[in-house]
Amino acid sequence: MRGFLISLAAAMALAACTPTPSPQNPGTGGKVYRIRGGQTGKVQFRMLDSVNSLRQASGAQAVELNAPLNAAAATHSRDMSVQNRPWHFGSDGSSPLDRVSRAGYTGILVGEVISETYETELETLAAWMEDPGTRSVLLDPTAVNMGFAWYQEPGGKIWWTLIMGG
């Protein structure tokens, strides 16, 4: 657990985006984490580095970002926003397995973790690590690939999707 906390603290220190004031989101303490255009790669690699630090601390091998899994995650994040609910099924009835297959991923789906929040990707990762179910997906020793994406609404709410594949 100590290794997890050290890794998480180091990962949080790497976060470069700054929350901006927003009176329309009182649940966020007046702050909204804004992901600006052109930051996709930075945010994805920050999450990848953080996940791999946690995996290393648990004895699991590192994972690599995978373009088809990123595409499946992006599609699902946008779709959750359209549905206005965080859940694992698409508005067309698709499952995570359907989405990764549709995106062209040829490996095995290990799992999908999702979130609806105004928090940063690293705060979201910390919340995922506190839950045994989502933590088991993130640290699954059979995972070799990761997809990570989000959709941010104009009001600031972010819909996060992380997919692990083997």
Review point. Within the group Val100, Val110, Val137, Val51, which residue is aliphatic (A, V, I, L, M), within 16 Å of Gly166 (Cα to Cα) and not in a helix (DSSP H, G or I)?
Key: Val110
Review point. Mind checking which residues of region 41-58 are open to solvent by 70 Å² or more (accessible area, probe 1.4 Å) and touching a residue at least 40 places away in the same chain (Cβ under 8 Å)?
Key: Gln56
Study note, to complete from the structure: Restricting attention to region 59-81, the residues that are open to solvent by 50 Å² or more (accessible area, probe 1.4 Å) and charged (D, E, K, R) number exactly 2
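Let's see how each residue does on (1) among the small types (Gly, Ala, Ser); (2) touching a strand residue (DSSP E or B) at 6+ places or on another chain (Cβ under 9 Å); (3) modelled with pLDDT under 80:
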residue	(1), (2), (3)
Phe4	no, no, yes
Ala9	yes, no, yes
Met12	no, no, yes
Pro21	no, yes, yes
Val32	no, yes, yes
Leu65	no, yes, no
Asn70	no, yes, no
Arg102	no, no, no
Point to revise | Filter result for Ala57 (part of a loop (DSSP other than H, G, I, E, B) and over 26 Å from Arg36 (Cα atoms)) | key: no
Practice item. Could you please give the count of residues in region 95-134 that are closer than 21 Å to Ile35 by Cβ, of a type in the set (D, E, K, R) and in contact with a His (Cβ under 7 Å, 6 or more places away or on another chain)? Key: 1
Point to revise | Of residues in region 82-97 being assigned to a helix (DSSP H, G or I) and modelled with pLDDT under 95, the one most open to solvent (accessible area, probe 1.4 Å) | key: Val82
Check your understanding: Has region 118-136 got at least one residue that is among the charged types (D, E, K, R), at pLDDT 95 or above and touching a Ser or Thr at 6+ places or on another chain (Cβ under 7 Å)?
Key -> no
Exercise for review: Return the residue satisfying two criteria in turn: it lies in region 140-162 and is assigned to a loop (DSSP other than H, G, I, E, B) and farther than 12 Å from Val113 by Cβ, and of such residues it is most open to solvent (accessible area, probe 1.4 Å).
Suggested key: Pro154
Review point. Name the residues in region 29-53 that are of a type in the set (A, V, I, L, M) and within 22 Å of Gly155 (Cα to Cα), would you?
Key: Val32, Ile35, Val43
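The values are calculated or read from the model by the stated rules, or taken from the named source; none is laboratory data. Predicted, not measured: the structure shown is a model, and the values here were computed from it. Note: ideal-geometry Cβ built from the backbone for every residue, glycine included; neighbour counts use all protein chains shown. The accessibility values were calculated without ligands, DNA or RNA, using every heavy atom of the protein model including side chains. Shrake-Rupley method; radii C 1.70, N 1.55, O 1.52, S 1.80 Å.
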